[in-house]
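Here the structure is laid out as structure tokens; the discussion comes afterwards.
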Amino acid sequence: MGYPAYGLQSSRRQQGCKTMCAQEITRPEGGFDQGYAGVPPWDIERPQPAFVELEKSGEVRGSVLDVGCGTGENALYLAGLDHEVWGVDSALAAIQKARSKSVQRGIRVNFRLVDALELPCLGQTFDTVIDSGLFHVFSDEERTRFRESLAAVLVPGGTYFMLCFSERETREGPRRVTQAEIRSTFGNSWNVNWIREARFETHIHEGGARAWLASITRSVR
């Protein structure tokens, strides 16, 4: 199994909160729904170890939004530890699987079909936002839009934790991200607390793909 080919896709945005992707979003060919027809490489059926360690160290605080939640493993893990958790994804197949897991496990998570570039439509703010492999699918222009979307749902002083593929990973996969790109995206009104080397576990990268785990706080004005 390999990663779906990534490229520019165009689609028409519908009205309301339950919208799909904007035009020119970098996504796998056929869209993420096609990937979730089976088991995509990133769906490891357990939470990413990087987020487990953040929770164990006490860095995940209060209410949590999981952006690009996929089938919900990270969100369900945190909800099982008494966090109030919402999860959003633009892939209907992923949200359906996440909701099914929530019912089966008896763990409450508010899973919503929402584009990450349209987060203000949630009408909700969170203390923590987690991102497991979403940021690295955005184009340069979309990164700016995502930052503004994120600011609408993260409380001042709240923290955004991003796990993304590093430019040091040489095997197949999505777009790579450098530390400099992370810092340039989150400049004014944000504080990059740290960026650490990490591993992004998948079904096809033995030992995990090389990644960056970043802690970024929305400034208190």
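Since every read-out is calculated from the coordinates, none of them should be taken as a lab result. Here the structure is a predicted model, which means the values were calculated and not measured. Ideal geometry is used to build each Cβ from the backbone, glycine not excepted, and the neighbour counts take in all protein chains shown.
Okay, here's what the table says:
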| read-out | value |
| --- | --- |
| Theoretical FRET efficiency, 1/(1+(r/R0)^6), r = Cβ-Cβ of residue 140 and residue 39, R0 41 Å, to 0.05 | 0.85 |
| Taking the C-alpha atoms of the stretch 77-117, convex hull volume expressed per residue in Å³ | 59 Å³ |
| Computed magnitude of the charge dipole of the stretch 6-218 (debye, nearest 20; Cβ of K, R +1, Cβ of D, E -1) | 240 debye |
| Label-to-label distance, nm, for residues given as residue 167 and residue 180 (7 Å Cα→Cβ offset) | 0.6 nm |
| Estimated translational D of the stretch 83-221 in µm²/s (Stokes, Kirkwood radius over Cα pairs; 20 °C; 1.002 mPa s) | 134 µm²/s |
| Share antiparallel - DSSP beta bridges, the stretch 140-221, percent rounded to 5 | 95 percent |
| Positive dipole terminus of the chain, leading residue within 198, 179, 100 (C-beta point charges) | 100 |
